[in-house]
Each structure stands twice: as C-alpha cells, then as structure tokens.
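The values are calculated or read from the model by the stated rules, or taken from the named source; none is laboratory data. Here the structure is a predicted model, which means the values were calculated and not measured. Glycine also receives a Cβ, built like all others from the backbone with ideal geometry; neighbour counts cover every protein chain displayed. Side chains are part of the model used for accessible areas, which takes the heavy atoms of the whole protein and leaves out ligands, DNA and RNA. Shrake-Rupley method; radii C 1.70, N 1.55, O 1.52, S 1.80 Å.
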Amino acid sequence: MNIIHRHIFGNVFLTCTAAVAMFAFVLMLGNAMKELLAPVLAGQLPFSTFVQMLGLMIPVVVSYALPMGTLSGILLVLGRMSSDREITALRASGLSVAWLSAPILFFALLGVGAGLLINFHFMPRAKVAYETELTNVVRQNPLSFIVQKTFIRDFPGFVLYVGEKQDSKLTDFWLWELDAQNRVRRFARADSGRLDYDEANNKLVLTLEHAQAEMRDEKDPENFHEAHGAASWERATFDLPLSKLTGERTLKKKLKWYTLSQLMAEWYRAGKPEEGVSAEDRAKARMRVQITIQEKCATAFSVLSFALVAIPLGIKVSRKETSANLGIGLGLALTYYFLSIVVGWFDNNIELRPDLLMWLPNLGFQALGFWMFYKIDRS
C-alpha cells in the first residue's frame with residue numbers, strides 16, 4: 001500500500017470510526033431515555049446497573065450504526081477531497097477511480113467482517129444479557145419500585161399507591177387487585193403498613209395496620225349498587241409471592257438474539273419430525289431461522305453496498321459541508337432499511353424464498369454503485 005492509499009485509508013478509518021460512534025451514541029441515547037431513564041429517576045435502577053446496561057447496549061446499537069457510519073464517513077472524506085480538487089489532481093496523474101477506491105473497498109471488507117462478528121456473536125450475547133438484567137430489576141430490588149405519591153403499575157394485576165414511604169415503612173397505603181380486563185376485583189386501604197422482601201421464599205410480606213378491605217362481584221366488578229364482602233383489621237399480614245406479583249417474566253429469546261451456533265442448532269431442531277407438528281409448520285419454522293441468518297449476513301454486507309454507492313457519490317457531490325454529507329448518508333441508509341422492511345412483509349410466503357429476498361436491497365445498492373462507477377470513470 002503506497003502513500004496515497006495509506007492517506008485515503010487513514011482518513012476513511014478515522015472519519016468512519018467517528019461517524020459510527022456518533023450514530024451509536026444517538027441510538028443509545030434514544031434507547032436509554034425510552035427504557036432506562038424513568039427507572040433511574042425513580043430510584044428503581046442503581047446507577048452501577050444503569051452503566052452496565054449502557055455497556056451492554058453498545059454492541060446492539062453498533063450493529064445498526066456500522067453501515068450508516070461507514071456510508072457517512074466515506075461521503076465526508078471523498079466530498080472534502082473532491083471539493084479541494086485532490087481527486088481531480090490524482091485522476092489527472094493517470095490514476096483511475098477504481099485504483100483510488102481500493103483502500104476504501106478494503107476498509108469496507110473489514111467492516112463486513114466486523115459486522116458479521118457483531119451480528120452473530122457480540123450483539124446476541126449482549127442483547128440477552130441486557131434483557132435478562134432488565135426483566136430481573138424487580139426481583140433483584142422489589143422494594144425500590146414502591147415510590148411515594150405515585151400509582152405503581154409495575155406489577156401485573158395490581159395497582160399500588162403509597163402516600164409516604166420511609167425505607168420499608170408505608171403511610172396511607174392503597175392496593176387494588178385487577179382482573180384480566182383490568183377491573184378492580186379487590187380493594188384494600190390502611191393508615192400505615194410495612195413492606196418487606198423475603199428473599200429466601202421470594203415473596204413480599206405486607207403488614208397493614210388499621211386496614212379495611214372491600215370485595216367486588218367477580219362477574220360484575222363495576223356494579224356498585226349491590227353490597228359485597230367487606231372486612232377490617234387492626235393488624236393483618238399478607239404474603240405476596242413475587243412470582244404472582246410480577247408475573248413469571250421469563251425471558252423469551254427472539255431469533256435475532258441467537259448466536260450463529262444457536263441458530264444452526266435451532267434450524268436442525270426445526271427440521272426434525274415431532275408429534276403434532278406438520279411438515280408445513282416445520283418448513284415455516286426453518287424458514288424463520290433462515291430469514292434471521294440471511295438478514296444478519298445482509299446487514300453486515302450492507303457496509304460494502306453502501307461503500308460502492310458512497311465512493312462515486314462522494315466524488316460527484318464535492319461538498320465540504322458535514323451536515324450535507326451526513327444528510328445524504330442518512331437518507332440513503334433510511335432508503336436501504338425501508339427496502340429491507342418491505343422485503344420483510346413476505347416472511348410468511350415460503351414459496352417466494354423470503355430468506356433470499358433479504359439480499360435484494362444489497363443487490364440494488366451494489367448495482368447502483370457499479371453504474372455510478374461506470375458513469376464517473378467515463379466522465
């Protein structure tokens with residue numbers, strides 16, 4: 001690799017790395033505000049756990065940011081070089097566009113390899129660890145979800161309200177138990193109480209003082225005209241199993257969260273005859289796995305597809321402005337992902353081979369890139 005190639009490769013590497021980091025930060029910020037900000041502000045999520053979950057989010061967002069960042073970085077570098085007439089000077093020296101593009105395409109191939117490694121190894125493992133941590137927050141520290149002067153709906157089937165909370169001591173406690181249609185079936189109120197977590201038996205122990213309870217008609221809980229059961233106690237203790245209060249909350253892994261070895265194992269398992277499973281259902285199950293594998297591969301190879309489009313486009317546009325080049329890159333990336341979504345609409349049509357259709361956006365971008373290469377080389 002001569003000095004010109006090293007110059008281009010170095011600029012592309014640094015600029016693309018910065019662009020990937022920027023897109024990853026934006027995606028991470030959006031996910032963090034959506035899923036983690038409220039629990040952190042409510043004191044339900046320790047700061048150390050918050051930082052850990054942000055770290056687990058990095059491989060997930062990088063899998064999406066890598067193609068967009070590569071596209072934007074190449075546009076920025078070549079746009080600047082073309083605007084400064086560097087490309088014109090190099091071509092006037094007898095160097096072809098293909099020769100100038102060699103270090104960029106080499107970088108794109110490295111990006112494809114990194115994308116495959118992230119999509120099939122780091123991203124699935126990080127995503128499973130992230131979701132597991134998120135679903136276990138309640139069980140790890142259930143008392144932190146009791147926030148004073150707030151209607152607490154984190155526990156499926158229950159709504160809680162506490163007027164004031166000091167550690168585990170509660171004042172002005174209200175509890176509503178809901179049915180499947182979210183109608184109140186039982187109601188309890190107490191002047192004061194205490195909520196403790198029994199870790200050994202995995203349950204919440206609720207102790208109420210001066211409590212009153214009301215029962216509703218299970219068939220018609222919204223009928224307030226008929227009298228129903230009621231009771232009052234000076235002191236009452238209730239055991240609330242955490243599994244009942246929070247639901248089972250078992251982590252159901254999506255195929256996108258599988259590593260390559262797990263996907264292959266699932267593909268072989270789906271093809272084995274099972275009692276009560278028809279051949280058509282087995283074929284659909286296998287196709288879902290194949291779609292996931294091909295989608296992960298296609299997403300990684302989109303780095304190369306974007307590079308093939310970005311090289312002639314960056315030379316032709318000749319812009320120094322960062323915002324303009326980033327806008328072009330974002331627009332092309334959104335077009336690619338929109339086409340991927342359209343292809344995904346055919347998931348259930350096995351006869352159309354939706355797994356292979358996942359490559360259509362890549363093929364379209366690569367065809368566009370080669371056509372633009374041809375036009376630039378002749379100009």
remark   = Exactly one of 77, 60, 128, 147 is at pLDDT below 80 and out of contact with any strand residue (DSSP E or B) (no Cβ under 7 Å at 6 or more places or on another chain), and that residue is 147
key: Residue list for the range 278-319, restricted to those being surrounded by fewer than 19 Cβ atoms within 10 Å (Cβ to Cβ) and of a type in the set (A, V, I, L, M)   = 279, 283, 285, 317
ask   = If you check residue 105 against the conditions, is it over 24 Å from residue 16 (Cα atoms) and either modelled with pLDDT of 80 or more or over 24 Å from the mean Cα position of the chain (by Cα) (or both)?
value = no
remark   = Across (1) touching a helix residue (DSSP H, G or I) at 6+ places or on another chain (Cβ under 6 Å); (2) modelled with pLDDT of 85 or more; (3) closer than 30 Å to residue 74 by Cβ, residue 295 clears everything bar (1)
message = Can you tell me which of (1) modelled with pLDDT of 80 or more; (2) open to solvent by 40 Å² or more (accessible area, probe 1.4 Å); (3) in a strand (DSSP E or B) is the one residue 165 doesn't meet?
response = (1)
request  = Determine if the range 363-379 includes at least one residue that is on the phi > 0 side of the Ramachandran plot and either without any contact (Cβ under 8 Å) to a residue 12 or more places away in the chain or open to solvent by less than 40 Å² (accessible area, probe 1.4 Å) (or both).
outcome  = no
note = Pairing a residue in the range 86-103 that is outside any helix (DSSP H, G or I) with any residue that is open to solvent by less than 70 Å² (accessible area, probe 1.4 Å), where Cβ atoms lie under 8 Å and the two sit 6 or more apart in sequence or on different chains, gives 95/4
key: Sole exception among (1) open to solvent by less than 20 Å² (accessible area, probe 1.4 Å); (2) at pLDDT below 85 for residue 154, by number   = (1)
query = Consider residue 283 against the criteria (1) closer than 29 Å to residue 166 by Cα; (2) at pLDDT 80 or above; (3) small (Gly, Ala, Ser): it satisfies all of them except one. Which criterion is unmet?
reply = (1)
query = Right, residue 57: of a type outside the set (Asp, Glu) and in contact with a helix residue (DSSP H, G or I) (Cβ under 6 Å, 6 or more places away or on another chain) or not?
reply = yes
task = Test each condition in (1) open to solvent by less than 30 Å² (accessible area, probe 1.4 Å); (2) outside any loop (DSSP other than H, G, I, E, B); (3) among the hydrophobic types (A, V, I, L, M, F, W, C) for residue 45 and report the one that comes out false.
result = (2)
